[in-house]
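Encoded as structure tokens, the structure appears first; notes follow it.
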Amino acid sequence: MAKTLEQIVLEGLAGDCCSMEELFVLWQTTQMLEEKAQGSTCYEEIDKRSFHVDGIINPDQYAGVLYILKEPSLKQYIQKGLTFPVLTDIRREYRSYRRGYEDERGYLAGMQRQLLGEAGEELSMDKVMSTLAVMYINKRGGKEVSDSIWLNYGYEYIEFIKREIRLLSPRVIVCGGEEIFKMVVKEVFQNKKTIRNRGEHMIWKDNVRDYQFTADKNFRHTKDADRTSVVVVNMWNPAYRTNKEQHLSPEEYLEEFHRRITGMESVPVKESVRKLKK
């Protein structure tokens, strides 16, 4: 989709943003300038000015694990026939989480507990939640359907997505869905090649092993464990939780995650986290 001159200029400025606040202001401004968003990068029922702030749940306890998901759900908003733009900080929903698997928050907490190792076993689920960061590809939100709107949005705003990931400085990135994994590895870590008459494609051979992609501090692929600074994990979308069209229980989902992170070291936690009580 063709971009306006203003969009191109703002997109170029994204890489220079030094804070999440600065990036989000620029991101929202660019969204408002987007022409013909409805039906392409935005649902007809959602105002194109809608924006969900995401990121680190608790800066004092952040363990360097980032979960990247498709989009926040605005299904109830649509069902109520609301038309005004939704501007909200999605992190509040994660901070209010206590327990259970009613939505994707519980699955993220379950995965995070595994990544924290022994330290995670000593924490309640809500305390575990405080150690992660969450990021949604489609900042406008969606309606819990399977289509390409969120993916179109992701590629439209890929420069902003790249910068957000850099600013979050993750040690581990868990991608909730293979399409997200492909996008992140191909675009953020520049693991791609151009095939004549077929466009750009992600490089799979020898670079993705056992659902893990490893990169150095410059976000370049490496197989050297001593140089590895970031591990990207390919995991199922926690919002759908199906495998070969079969619904998965929370236990089955987390067992699969455990299998996919086998061989990874536990994520170090800050002393402030160790002081937390169950």
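The values are calculated or read from the model by the stated rules, or taken from the named source; none is laboratory data. This is a predicted model, so every value here is computed, not measured. A quick note on method: Cβ atoms are made from the backbone with ideal geometry, for glycine too, and the neighbour counts reach across all protein chains shown. Protein only, heavy atoms only, side chains kept; ligands, DNA and RNA dropped before computing areas. Shrake-Rupley method; radii C 1.70, N 1.55, O 1.52, S 1.80 Å.
From helices alone, the chain scores -9500 deg cm²/dmol at 222 nm; the rule is -39500 (n - 2.57) for each run of n ≥ 4 DSSP H residues, then divide by the residue total.
In terms of modelled amide H atoms, which long-range or inter-chain residues lie less than 5 Å from the amide H of Val53? Sorted by chain and number, the residues that satisfy this are Thr88, Asp89, Ile90. With a 1.4 Å probe rolled over the protein heavy atoms of all chains, the accessible area of Trp236, Trp27 falls in the order Trp236, Trp27, largest first. Ser249 sits with roughly 40 Å² accessible to a 1.4 Å probe, with DNA, RNA and ligands left out of the calculation. Label sites at Asp89 and Leu13, each approximated as a point 7 angstrom past Cα along Cα to Cβ, lie 2.3 nm apart. In the complete set of protein chains, residue-level accessible area for Cys18 is approximately 110 Å², probe 1.4 angstrom.
Annotation: the antiparallel percentage among DSSP beta bridges lying fully within the chain is about 40. Per-residue surface analysis assigns Tyr240 an accessible area of about 90 Å², computed on protein heavy atoms at 1.4 Å probe radius.
DSSP assigns beta bridges within region 1-160; of those with both partners inside it, close to 15 percent run antiparallel.
Ranked by solvent-accessible area (1.4 Å probe, protein heavy atoms only, all chains present), the residues Ser130, Ser169 order from largest to smallest as Ser169, Ser130.
The order of Met32, Met111 by accessible area, most exposed first and with a 1.4 Å probe, is Met32, Met111.
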